[in-house]
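**Student:** The structure is given below, and queries will be raised subsequently.
Nothing in this text is a laboratory measurement; each read-out follows from the coordinates by a stated rule. Quantities reported herein were computed from a predicted structural model and do not represent experimental measurements. Backbone-built Cβ (ideal geometry, glycine too); neighbour counts: all protein chains shown.
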Amino acid sequence: MAAPTTLSAPSRPRSTSTPSARPRRHRMSGWHFFLFPTALLFMVPFVQMVLASLSPAAELVQFPRPLLPSRLTVEGFVGLFTETPALRWLLNSTIVAGSAIVAQSVLCSLAGYGFARLHFRGRNVSFFAIVATIMIPTQVLMIPTYVLFARLGLLDGLTAATVPWLAGAFGIFLMRQFFLSIPVEMEEAAALDGCSRLQTFFRVVLPLAKPALATLAIFTLLGAWNDLVWPLIAINSEHNFTIQLGIANFQGTRRTQWSLLMAANVVATAPLIAFFLAAQRQFIATMTLSGMKG
Amino acid sequence: MALPRITVVGELPAGDLPAGSRRLRRWVETLQGWAFVGPATVIVLGLSIFPAAWSLVLSLQKWDGFSDPTMIGPANYSRLVTDDQFWDAVRHTLFYTVLFVPTSALMGLFLAVALNRKIRLIGFYRTAIFVPFVASAASTGILATYLFSPQFGLANDVLRRLGLPQQGWLEDPSQAMVVIAIMSLWGQAAFTTVIYLAALQDVPAELTEAAKIDGASPWQTFWRIVWPHLSPVTVFVVVWQTIGAIQLFDLVYTTTRGGPLDATKTIVYFLWERAFRTLEFGYGSAAAYVLFAVTLLITIGIVVYSRRRNLEAF
């Protein structure tokens, strides 16, 4: 039989005995010696988090601390949901992130399409202004936005936590780039068939935009769910906290109730980890793109 | 056969219409355009350009949010220059930036090179390294206080088992910032790694293959062939991570709240305290504008430098 001729692999005596199209598979790559411990090291914080959330509270403040809990218990989670409004916080975060995702998908794709395809007065100026705002650090906006919301009577409510997430420069930019990349002929055909702009947009263009929308949704989810600074400034009452604000302020009052704290950490992080594991490829695409926003 | 005239709505043929009708058409197009972009544009600009301008005015005022603001000109800025606490915050931020930015770029590069191969378990390796990216600052902060707790934390437990001296970690002024940097690296390794991975996959395979045939070692291939291709990405990563580093706040808030002995009080933490703890809106805004200016200068500086050396990154 014909041995595979690859230019890259000089034949070694060992590899002649088992001819294969993938000559590198024969010996274990040396990179495992680096990658395996590194991967385990990266997992340590999450593993510790889950273990602590399932440990009996007393064992977490023992010295020396046992490496593994003597038994697994859900007391931490029970305590979390009975002693604190964590359920309410989760609901709040879900409302904020959910509305943000829906609003961004609708508003940013409409705007992205407008900037990509429609010709109207003020288009270039407003698009340039939107892109330029990406440079402005949040810190510059914190104080006036706080005062603005206070004047509008929106402070200390979920509206305050949600409004800044309803649309974003990055989302508009992302959707515009996407719409520019799809061929205009399909829209022309739809227009010939008598579709209005809006019909063309909803029936022809938007169905094509699913990958871009997925990226936008993930980007918005990560931002809105994990946001700390804005809820910290805008929300005071405990029942209006998002889960992030809730767990961040936990620390002050329940600093050593580790099993409770870690249970809270698990419920705050688990949804995102689950999404990540389910849609890893899209998350990674989002990471690459969100880097491009600079 | 008469070909149908292909037009896009919004760009209807205007040549054969009377002037009045053409003007009407323009109006309709403009209205239609703004109907599409209007809502998002109003939100984005209304929550950025308008507050940014207001913030600039605020930075020239003395205001506690309740009484009438008084115009004091550049006094807030001159006060910053002589404020020791501000300069301490600058020093702490700088220390963090120096710790974080080069390490995160190098780590990303190294992890990307390691992960850019088809070996067994590669999916597991990637997932394990990437998944911390979804952890929020609050969650990372809590994990940091737990893992680096001097009494009960895993870090000291490992040191004890190895017979090494115990450390104060977040409770030690000289170590707290290092711990924060370590946790940032844990959460953000994915970002720089993914950027470098994408760049590595853009390196033409023919070049590395050719180098291999010519007898170049992997080491030589990397530095002579691959690395030059990665320079623009490196510029981008450094700019991006620097901007993020000088805006450090969340992790400080969720770990040390600026302590111990103010050792982790960064510029943004200082700003936040001035604005929302002592209600010095004008002074806080001035600090924010200084931060904005520094961000712009760093970005422009690095970009100009890279242009000079022909490393087109932007």
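**Student:** In whole Hz, with x marking every Gly and Pro, tabulate ³J(HN,Hα) for the stretch B:234-251 from phi via Karplus 6.51 cos²θ - 1.76 cosθ + 1.60, θ = phi - 60°.
**Tutor:** My calculation for the stretch B:234-251 gives 4, 4, 4, 4, 5, 4, 4, 5, 5, 4, x, 5, 6, 9, 4, 8, 3, 5 Hz in order.
**Student:** Report, in debye and to the nearest 20, how large the dipole of chain A comes out about its Cα centre when Lys and Arg carry +1 and Asp and Glu carry -1 on their Cβ.
**Tutor:** Roughly 1060 debye for chain A.
**Student:** Counting only Cα atoms, I'd like the Rg/Rh figure for the stretch B:238-283, Kirkwood definition for Rh.
**Tutor:** Across the stretch B:238-283, the Cα-based Rg/Rh ratio is 1.03.
**Student:** Hey, another quick one. Take the Cα atoms of chain B, find their three principal axes, and give me the spread along each one in whole Å, biggest first.
**Tutor:** Extents along the principal axes, in whole Å: 91, 75, 37.
**Student:** With point charges of +1 on the Cβ of Lys and Arg and -1 on the Cβ of Asp and Glu, referenced to the Cα centre of the protein assembly as shown, which listed residue (B:L162, B:V101, A:S29) lies farthest in the positive direction of the dipole?
**Tutor:** A:S29
**Student:** If you don't mind, another one. For the stretch B:89-173, which trypsin sites (Lys or Arg not before Pro) are both in a DSSP coil and crowded by at most 13 other Cβ atoms within 10 Å? Intermediate values should be presented prior to the final figure.
**Tutor:** Details: sites: B:R91, B:R117, B:K118, B:R120, B:R126, B:R160, B:R161; in loops: B:R117, B:K118, B:R120.
Within the stretch B:89-173, the qualifying trypsin sites (Lys or Arg not before Pro) (loop, at most 13 other Cβ atoms within 10 Å) are B:R117, B:K118, B:R120.
**Student:** Size of the stretch A:80-292 along its principal axes in angstrom, Cα-based, largest extent first?
**Tutor:** Here the spans come out as 66, 41, 29 Å, largest first.
**Student:** Across all directions of projection, what mean area in square nanometres is found for the Cα convex hull of the stretch B:162-314?
**Tutor:** With every direction weighted equally, the projected area is 13.3 nm².
**Student:** Which residues' amide hydrogens lie under 5 Å from the amide hydrogen of B:Q61, considering only partners 5 or more residues apart or on another chain, with H built in the peptide plane?
**Tutor:** Under 5 Å from the amide H of B:Q61: B:I72.
**Student:** Out of B:T221, B:G33, B:Y196, whose Cα points farthest toward the positive end of the dipole of the protein assembly as shown (charges: +1 Lys, Arg; -1 Asp, Glu; placed on Cβ)?
**Tutor:** B:T221
**Student:** Normalised by the residues of the stretch B:73-204, what does the relative contact order come to in percent, with Cα pairs under 8 Å and at least six apart?
**Tutor:** Numbers: 105 pairs, mean separation 48.7, N = 132.
Taking the mean separation of contacting Cα pairs over the length of the stretch B:73-204, I get 37 percent.
**Student:** Okay, next question. Can you pull the percent of Cα pairs in the protein assembly as shown with separation above 31 Å?
**Tutor:** Result: 58 percent of Cα pairs exceed 31 Å.
**Student:** If we count other beta carbons within 10 Å of each Cβ, what is the order of B:D88, A:D193, fewest first?
**Tutor:** Going from sparsest to densest Cβ surroundings: A:D193, B:D88.
**Student:** If you take the Cα Rg of the stretch B:27-71 and divide it by 2.2 N^0.38 Å, with N the number of residues, what do you get?
**Tutor:** On the way: Rg = 16.6 Å, N = 45, 2.2 N^0.38 = 9.3 Å.
Output field value: 1.77.
**Student:** Quick one: dipole size for the protein assembly as shown, taken about the Cα centre, charges +1 on Lys/Arg Cβ and -1 on Asp/Glu Cβ, in debye to the nearest 20.
**Tutor:** The dipole magnitude comes to about 1620 debye.
**Student:** Return an integer: the convex hull volume of the alpha-carbon atoms of the stretch B:49-148, in Å³ per residue.
**Tutor:** Normalising the Cα hull of the stretch B:49-148 by residue number yields 206 Å³.
**Student:** Can you list the equivalent-ellipsoid semi-axes of the stretch A:185-294, largest first and in whole Å, using the square root of 5 times each Cα gyration tensor eigenvalue? Before the final figure, lay out each step's value.
**Tutor:** Numbers: eigenvalues 337, 54, 27 Å².
So the three semi-axes of the stretch A:185-294 are 41, 16, 12 Å.
**Student:** What residue among A:G157, A:A274, B:L297 has its Cα farthest toward the positive end of the dipole of the protein assembly as shown, where the charges are +1 on Lys, Arg and -1 on Asp, Glu, each on the Cβ?
**Tutor:** A:A274
**Student:** A further question on this structure: Can you tell me the Rg and the Dmax, both Å, for the Cα atoms in the stretch B:252-314?
**Tutor:** 16.2, 47
**Student:** Determine the relative contact order of chain A: mean sequence separation of Cα pairs under 8 Å and six or more apart, normalised by residue count, in whole percent.
**Tutor:** Working: 271 pairs, mean separation 84.8, N = 294.
Over chain A, the number comes to 29 percent.
**Student:** Sort B:I43, B:I300, B:I225 by Cβ crowding within 10 Å, fewest neighbours at the top.
**Tutor:** B:I300, B:I225, B:I43
**Student:** Scan the stretch A:36-106 for chymotrypsin sites (Phe, Trp or Tyr not before Pro) in coil per DSSP, keeping those whose Cβ has at most 11 other Cβ atoms within 10 Å, and list them by number. The partial results should precede the final answer.
**Tutor:** Details: sites: A:F42, A:F46, A:F77, A:F81, A:W89; in loops: none.
Qualifying residues, ordered by number: none.
**Student:** Same structure, new question: Please compute the modelled spin-label separation between B:Q85 and A:T73, points set 7 Å along Cα→Cβ, answer in nm with one decimal.
**Tutor:** 4.4 nm
**Student:** For the stretch A:91-172, just say rounded, prolate or oblate: build the C-alpha gyration tensor, square-root its eigenvalues into a ≥ b ≥ c, call rounded for a/c under 1.5, and beyond that prolate if a/b exceeds b/c, oblate if not. It would help to have the intermediate numbers written out before the result.
**Tutor:** Numbers: a/c = 2.44, a/b = 1.48, b/c = 1.65.
Because a/c hits 1.5 or more and a/b fails to exceed b/c, the stretch A:91-172 counts as oblate.
**Student:** Starting at the first residue of the stretch A:208-221, write each ³J(HN,Hα) from the Karplus equation 6.51 cos²θ - 1.76 cosθ + 1.60 with θ = phi - 60°, in whole Hz, x for Gly and Pro.
**Tutor:** For the stretch A:208-221, the Karplus-derived couplings read 6, 8, 3, x, 5, 5, 4, 4, 4, 5, 5, 4, 5, 4 Hz, x marking Gly and Pro.
**Student:** Based on DSSP loop calls and a cut-off of at most 16 other Cβ atoms within 10 Å, the longest stretch of chain B free of exposed GluC sites (Glu not before Pro) is what?
**Tutor:** B:12-311
**Student:** Of A:F36, A:F115, how do they rank once you tally other Cβ atoms within 10 Å and put the fewest first?
**Tutor:** Taking fewest neighbouring Cβ atoms as first place, the list is A:F36, A:F115.
**Student:** When the helix-only estimate is applied to the protein assembly as shown (DSSP H runs of n ≥ 4, each -39,500 (n - 2.57), divided by the residue count), what is the mean residue ellipticity at 222 nm, nearest 500 deg cm²/dmol?
**Tutor:** Rounded to the nearest 500, it is -21000 deg cm²/dmol.
**Student:** Rounded to whole Å and sorted largest first, list the principal axis extents of the Cα atoms in the stretch B:99-190.
**Tutor:** Principal-axis extents of the Cα atoms in the stretch B:99-190, largest first: 42, 27, 23 Å.
**Student:** DSSP loop (so not H, G, I, E, B), at most 14 other Cβ within 10 Å: list which trypsin sites (Lys or Arg not before Pro) in the stretch A:68-130 pass both filters.
**Tutor:** Those that pass, being in a loop and sparsely packed, are A:R71, A:R121.
**Student:** Moving to a separate point now. Viscosity 1.306 mPa s, temperature 10 °C: give me the Stokes-Einstein translational D for the stretch A:158-204 in µm²/s, with Rh taken as the Kirkwood radius over C-alpha pairs.
**Tutor:** It diffuses with D of about 124 µm²/s by this estimate.
**Student:** Could you please state, rounded to a whole Å, how far the C-alpha centre of the stretch A:54-88 is from the C-alpha centre of the stretch A:145-184?
**Tutor:** The two parts, judged by their Cα centres, are 38 Å apart.
**Student:** Return a whole-number percent for the relative contact order of chain B, with Cα pairs under 8 Å and 6 or more residues apart as the contact set.
**Tutor:** This gives 26 percent for chain B.
**Student:** For the stretch A:108-117, take each phi angle, set θ = phi - 60°, evaluate the Karplus expression 6.51 cos²θ - 1.76 cosθ + 1.60, and give the result in whole Hz per residue in order, putting x for glycine and proline.
**Tutor:** Using θ = phi - 60°, the values come out as 6, 6, 4, 5, x, 5, x, 6, 7, 10 Hz.
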